[in-house]
Amino acid sequence: MASTRNEFYALMLVGLAVSSMVAACGANFYQDFDLTWGDHRAKIFNGGQLLSLSLDKVSGSGFQSKKEYLFGRIDMQLKLVAGNSAGTVTAYYLSSQGPTHDEIDFEFLGNVSGDPYILHTNVFTQGQGNREQQFYLWFDPTRNFHTYSIIWKPQHIIFLVDNIPIRVFKNAESIGVPFPKNQPMRIYSSLWNADDWATRGGLVKTDWSKAPFTAY
């Protein structure tokens, strides 16, 4: 799964209540990932080829890679939930640990039926974030699978959608801007309730009559 440079390449088909998740390159969820929270809401099945995350009013769920990686590329294919997913957030991200952690985020903010999904990106360096950029996707991400990628190199971080760059975060240490390049990070994915901020700044709350929300 990882090369000698500790690069990780994964393909995951992710959807809320509608799809499946598969790790490519011989990856196996039993071997390569740990279910870290959510109790029975996170499940691995089909011989380690499928994983589901669920969210209900009590808790969400999540998992993380067993290994840490320093630089590389992650590709994920996702199909998001149709209908009213307001208040929920589906995410995958890279992160180290501790108060001075580094982090690279892809987050999909749930929406009211008929409204566009918002793709939220962020970069943390030495525990400091506030580098958010948000994008409206130019397609309906609930109809088909699309590929969302992170390329992490010492020179830059590139966020891509269907192999189209949407954001480049360049290494600007030469002018005093910190850049995540020294801390290996694990791969995380999670599904949780964030209705205090996720949809219209928290004005629209999660409709729990639609729960449980499930990502595969």
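Here are a few things to note about the model shown:
- All positions within region 51-84 that are open to solvent by 30 Å² or more (accessible area, probe 1.4 Å) and part of a strand (DSSP E or B): 64, 73, 75, 77
- Selection within region 136-159 - open to solvent by less than 30 Å² (accessible area, probe 1.4 Å), farther than 28 Å from residue 83 by Cβ and either assigned to a loop (DSSP other than H, G, I, E, B) or aromatic (Phe, Trp, Tyr) (or both): 152
- Of the numbered criteria (1) part of a loop (DSSP other than H, G, I, E, B); (2) open to solvent by less than 50 Å² (accessible area, probe 1.4 Å); (3) within 17 Å of residue 213 (Cβ to Cβ), the one residue 98 fails is (3).
- Set 50, 94, 70: member being in contact (Cβ under 8 Å) with a residue 60 or more places away in the chain and in contact with a Ser or Thr (Cβ under 7 Å, 6 or more places away or on another chain): 50
- Pairs where the first residue, in region 130-142, is in contact (Cβ under 8 Å) with a residue 60 or more places away in the chain and within 14 Å of residue 161 (Cα to Cα) and the second is hydroxyl-bearing (Ser, Thr, Tyr) and open to solvent by less than 50 Å² (accessible area, probe 1.4 Å), C-beta under 6 Å, 6+ apart: 141/117
- Applying the set (1) modelled with pLDDT under 90; (2) out of contact with any helix residue (DSSP H, G or I) (no Cβ under 9 Å at 6 or more places or on another chain); (3) open to solvent by 10 Å² or more (accessible area, probe 1.4 Å) to residue 12 leaves exactly one unmet item: (3).
- Counting only residues that are exposed (fewer than 15 other Cβ atoms within 10 Å of the Cβ), within 30 Å of residue 34 (Cβ to Cβ) and out of contact with any strand residue (DSSP E or B) (no Cβ under 7 Å at 6 or more places or on another chain), region 176-211 holds 4 of them.
- Flag: residue 122 does not match the condition of being free of Cβ contacts under 8 Å to residues at least 60 places away in the same chain, assigned to a loop (DSSP other than H, G, I, E, B) and closer than 23 Å to residue 186 by Cα.
The values are calculated or read from the model by the stated rules, or taken from the named source; none is laboratory data. The structure presented is a predicted model; accordingly, all values stated were derived computationally and were not measured. Reconstructed Cβ throughout: ideal geometry from the backbone, glycine too, with neighbour counts over all protein chains shown. Calculation scope for accessible area: heavy atoms of the full protein, side chains included, ligands and nucleic acids excluded. Shrake-Rupley method; radii C 1.70, N 1.55, O 1.52, S 1.80 Å.
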